[in-house]
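Read the structure below first, then the notes.
The values are calculated or read from the model by the stated rules, or taken from the named source; none is laboratory data. Source: prediction; values computed, not measured. When we count neighbours, we look across all protein chains shown, and the Cβ atoms used for this are built from the backbone with ideal geometry, even at glycine. To get the accessible areas, we keep the full protein, side chains included, count just its heavy atoms, and leave off ligands, DNA and RNA. Shrake-Rupley method; radii C 1.70, N 1.55, O 1.52, S 1.80 Å.
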Amino acid sequence: MTYKLLLASVLFTGSTTIINAQQPAMKHEDTEFYEPVPKVVTPGKSYGDAPSDAVILFDGNNLSQWVTANDTSQPAQWVVKDNVLTVNKKAGNIQTRQSFLDYQLHIEWRIPKTITGTSQARGNSGVFLASLGKGDAGYELQVMDSYNNPTYVNGQAGSVYKQSPPLANPNRPPGEWQTYDIAWTAPRFNENGSVKSPARVTIFFNGVLVQNGFELKGPTRYVGNPVYDTPHGASRIKLQSHGDPSEPISFRNIWIRPL
Ligand code: MG
């Protein structure tokens, strides 16, 4: 399609949605790639204590800041024990009670030392940087065991799932706590629903830069190419209860600074 023709059809339809709807049928493999493999880096030892102006989302005591993703009138049903939050796979995803636009987020996670499985079925979870409601709708930062566990690189830990592989692989071995420090800029939309500015994210994984101002192409899609088809404002943050059969993973020390 020529530029003029494309422009004309965008003007005519008022958005690019119809053009994108013309994608040929795709398989999930079509958006998974395996090279280049991010280099392995051994991270330093540091933790991120909450600064004075942070909103505490989980400090080890309770899940008062979280609700069930598929029914936000219900409290979150994951397990809090010994100051640690563990996924309850029967309860599904959980998300924050509050919504956020642009923010700095700190979250720590741990793959069980006894984890089993391979590729995506090994400690899979996720942080949806902006939830778009039920299920896995939203923008997923992948969480899983990527310590000596190859998978498609744009699906390993530290990836913006199926959009951007991490710039390095600083995974710690299963059983050790790991950190994400995230700067999220939410997408902005025009009144007609078209994108004014895409979402942008910078992520430090165990203190190592793995996403550097990456501009997202849209909410995460398991099949097909991402596209901004759901205009939204401030959103909840969601944690994933993934359906793979491996042992559930844990979280701790979750705090946020709205910007
Ligand atoms: Mg996941």
task = Return a yes/no flag: does the stretch 167-176 have any residue that is of a type in the set (Gly, Ala, Ser) and farther than 26 Å from Asn253 by Cα.
result = no
request  = Determine whether Ala183 is touching a Ser or Thr at 6+ places or on another chain (Cβ under 6 Å), more than 15 Å from the ligand (Cβ to nearest atom) and of a type outside the set (Val, Ile, Thr).
outcome  = yes
task = From the list Ser197, Ser235, pick out the single residue that is of a type outside the set (Val, Ile, Thr), open to solvent by less than 40 Å² (accessible area, probe 1.4 Å) and either at pLDDT below 95 or under 29 Å from Gln23 (Cβ atoms) (or both).
result = Ser235
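Conditions tested, residue by residue: (1) buried (at least 24 other Cβ atoms within 10 Å of the Cβ); (2) more than 17 Å from Glu247 (Cβ to Cβ).
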| position | (1), (2) |
| --- | --- |
| Ala137 | no, yes |
| Leu141 | yes, yes |
| Pro150 | no, yes |
| Ala157 | yes, no |
| Pro173 | no, no |
query = Cβ-Cβ below 6 Å, separation at least six or inter-chain, first residue in the stretch 224-244 and among the hydroxyl-bearing types (Ser, Thr, Tyr), second part of a loop (DSSP other than H, G, I, E, B) and surrounded by 22 or more Cβ atoms within 10 Å (Cβ to Cβ): which pairs?
reply = Ser241/Val87; Ser241/Asn93
task = Only strands (runs of 3 or more DSSP E) wholly contained in the stretch 169-259 count here; list those with 2 or more residues that are more than 30 Å from Ser52 (Cα to Cα).
result = 195-197
note = Sole miss for Ser125 among (1) of a type in the set (Gly, Ala, Ser); (2) more than 22 Å from Thr86 (Cα to Cα); (3) within 11 Å of the chain's Cα centre (by Cα) is condition (2)
task = Could you tell me which of the residues Thr185, Thr202, Thr230, Thr220 is out of contact with any His (no Cβ under 9 Å at 6 or more places or on another chain), at pLDDT below 95 and not basic (Lys, Arg)?
result = Thr230
query = Is at least one residue of the stretch 214-228 open to solvent by 30 Å² or more (accessible area, probe 1.4 Å) and closer than 20 Å to Leu259 by Cα?
reply = yes
ask   = Restricting attention to the stretch 46-66, does a residue exist that is within 17 Å of the chain's Cα centre (by Cα), more than 23 Å from Ala234 (Cβ to Cβ), crowded, with 16+ Cβ neighbours inside 10 Å and touching a residue at least 40 places away in the same chain (Cβ under 8 Å)?
value = no
task = State whether one or more residues within the stretch 50-59 are in a loop (DSSP other than H, G, I, E, B), of a type outside the set (A, V, I, L, M, F, W, C) and closer than 22 Å to Glu247 by Cα.
result = no
task = Please specify each residue of the stretch 212-238 satisfying the condition of being among the polar types (S, T, N, Q) and touching a Pro at 6+ places or on another chain (Cβ under 7 Å).
result = Thr220, Thr230
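Can you pull out the strands (runs of 3 or more DSSP E) entirely within the stretch 89-158 that have at least 2 residues that are within 18 Å of Arg252 (Cα to Cα), polar (S, T, N, Q) and away from the ligand (no atom under 11 Å from the Cβ)?
94-96
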note = When Pro219 is run through (1) away from the ligand (no atom under 16 Å from the Cβ); (2) touching a residue at least 24 places away in the same chain (Cβ under 8 Å), the failure sits at (1)
Failed item in (1) farther than 20 Å from Ser235 by Cβ; (2) more than 16 Å from the ligand (Cβ to nearest atom); (3) surrounded by fewer than 16 Cβ atoms within 10 Å (Cβ to Cβ), with Gln74 passing the rest = (1)
inquiry  = Tally up the residues in the stretch 77-117 that are farther than 28 Å from Ser52 by Cα and not aliphatic (A, V, I, L, M), please.
reply    = 11
